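**Q** Questions regarding the structure given below will be posed in turn.
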């Protein structure tokens, strides 16, 4: 499969710059997910790779060949859109074979390819149905099938699951993961849903404001976010942030905030010393707050429970600590009451530290 490279890629509409000189390389047969909030530039990036948007500056390379001046049909790409874009008067087989028929491929070859892809996507029994006779998930599989029959080197997905309900999205994520194992092609996938990104990607590219904030494996980004934006964007429920002051020296160093004072061990003291700052933003994932009524005060936070959201085996608590909102994950059978003050132990080795001014991680 070809390597895809974006070099100093920019996009502007008049004076408004949507994409700010991004650099990105995608390896052979890699599933790359571009993720970020609405307006971050991820769909614009995908459409520029596809040739559906012009490049304002920079270049797109496919196997070291510049392609930004080429027409979409000359780039050997196939795209799956958010709204399916199926022909309502054609059945599934004809929708899937449309591009092959335009190329006047032999009928035997077309039928063979359609049947092969229909087998992969579980569409064999639906080949003679029209799109109106299918569910949303089945229509999206047909849209994917139309792309797969083209046998292009790279597949582009523009938020393909956003029109589906929650149950179908979960099902389609699983089907995409299975398809990924059977179809060894480059895949570039755009979504605003961080769960899709975490579950599908070989590599995640987190974008915000037209800039790549961080890229890496799902585990790298979850465990080692480079700034507060990435830390807060990836993870469900999202990371909590508390303002804290570094007080004391050596073995007597503590992180002190409104309503808490946490004693720092040697490793944390060394990290904070390298940062050379007395004010930090403390990042705590909801799963790292451990309910422990007997925890010592200097290694715990007391939280007043405001809301408890029951989600099955787990509950998500929304509480406050001296006016600061916090979210906590815990087992649903934990005895709690609304308005109750609960103590949660904290292991500072599990926490994240960010510069209060720049938002960059302190490592």
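**Q** Figure the gain on full extension for residue 325 and residue 12 (residue separation times 0.36 nm, minus the Cα-Cα span) and round it to one decimal in nm. Mind showing how you got there, number by number?
**A** Working: separation 313, 0.36 × 313 = 112.68 nm, distance 3.82 nm.
Length gained, residue 325 through residue 12: 108.9 nm.
**Q** May I pose another question? At 0.36 nm per residue, and after removing the present C-alpha to C-alpha distance, how many nm does the segment from residue 182 to residue 20 gain when stretched out fully? The partial results should precede the final answer.
**A** Numbers: separation 162, 0.36 × 162 = 58.32 nm, distance 3.54 nm.
Extra length available between residue 182 and residue 20 comes to 54.8 nm.
**Q** Please report, to one decimal in angstroms, the Kirkwood hydrodynamic radius of the range 294-354 built from all distinct Cα-Cα pairs. Spell out each step's value before the answer.
**A** Values: mean 1/r = 0.0810 Å⁻¹.
12.4 Å is the Kirkwood radius here.
**Q** Relative contact order (percent) for the chain, with alpha-carbon contacts under 8 angstrom and 6 or more residues of separation?
**A** Values: 732 pairs, mean separation 56.0, N = 363.
15 percent.
**Q** In whole Å, largest first, what are the principal axis extents of the Cα atoms in the range 152-200?
**A** Between the extreme Cα coordinates on each principal axis of the range 152-200 lie 30, 18, 18 Å.
**Q** Averaged over all directions, how much area does the convex hull of the C-alpha atoms of the range 23-170 cover when projected, in nm²? Show your work: numbers first, answer last.
**A** Values: hull surface 40.3 nm².
Answer in nm², one decimal: 10.1.
**Q** Nearest 500 deg cm²/dmol is fine: what mean residue ellipticity at 222 nm does the chain get from its DSSP H runs of n ≥ 4 alone, each adding -39,500 (n - 2.57), divided by its residue count? Could the numbers behind the result be given before it?
**A** Numbers: 9 runs with 95 residues, N = 363.
Counting only the DSSP helices, I get -8000 deg cm²/dmol.
**Q** Determine the principal axes of the Cα atoms in the range 1-69, then give the extent along each, sorted from largest to smallest and rounded to whole angstroms.
**A** Result for the range 1-69: principal-axis Cα extents of 36, 26, 19 Å.
**Q** While we're here: Mean 1/r over all different Cα pairs, inverted: what Kirkwood radius does the range 240-355 give, in Å?
**A** Working: mean 1/r = 0.0684 Å⁻¹.
By the Kirkwood definition, the hydrodynamic radius is 14.6 Å.
**Q** At a temperature of 20 °C and a viscosity of 1.002 mPa s, determine how fast the range 122-192 diffuses translationally according to Stokes-Einstein, using the Kirkwood radius over alpha-carbon pairs as Rh; express D in µm²/s, rounded to the nearest whole number. Before the final figure, lay out each step's value.
**A** Numbers: Rh = 12.9 Å.
It comes out at roughly 166 µm²/s.
**Q** Further, regarding this structure: Could you tell me the convex hull volume per residue, in Å³, taken over the Cα atoms of the chain? Don't skip to the end; give the middle numbers.
**A** Working: hull volume 60.6 nm³, N = 363.
Hull volume normalised by residue count: 167 Å³.
**Q** So which residue, out of 16, 98, 81, gets the largest mean-square fluctuation from a GNM of the chain using Cα contacts under 10 Å as springs?
**A** In the Gaussian network model the winner is 16.
**Q** Between residue 290 and residue 278, what is the spin-label point distance in nm, taking each point 7 Å from the Cα along the Cα→C-beta axis?
**A** 3.3 nm
**Q** Sticking with this structure for a sec: Could you work out Rg/(2.2 N^0.38 Å) for the range 138-256, with Rg from alpha carbons only?
**A** Details: Rg = 19.0 Å, N = 119, 2.2 N^0.38 = 13.5 Å.
The range 138-256 yields a ratio of 1.40.
**Q** What fraction of the Cα pairs in the range 64-115, stated in percent, has a spacing above 13 angstrom? Don't jump to the answer; show the numbers that get you there.
**A** Numbers: 914 of 1326 pairs.
The calculated P(r) of the range 64-115 puts 69 percent of pairs beyond 13 Å.
**Q** Taking 22 Å as R0, compute the FRET efficiency from the Cβ-Cβ separation of residue 133 and residue 112 and round it to 0.05. Provide the component values of the computation, followed by the final result.
**A** Numbers: r = 25 Å, r/R0 = 1.12.
Once rounded, the FRET efficiency stands at 0.35.
**Q** So if R0 is 56 Å, what FRET efficiency would residue 249 and residue 65 give, r being the distance between their Cβ atoms, rounded to the nearest 0.05? Display every interim value, and only then the final one.
**A** On the way: r = 59 Å, r/R0 = 1.05.
Calculated value: 0.45.
Read-outs: derived from the displayed coordinates by stated rules, not from any lab. Just so it is clear, the structure is predicted and the values come from calculations on it, not from any experiment. When we count neighbours, we look across all protein chains shown, and the Cβ atoms used for this are built from the backbone with ideal geometry, even at glycine.
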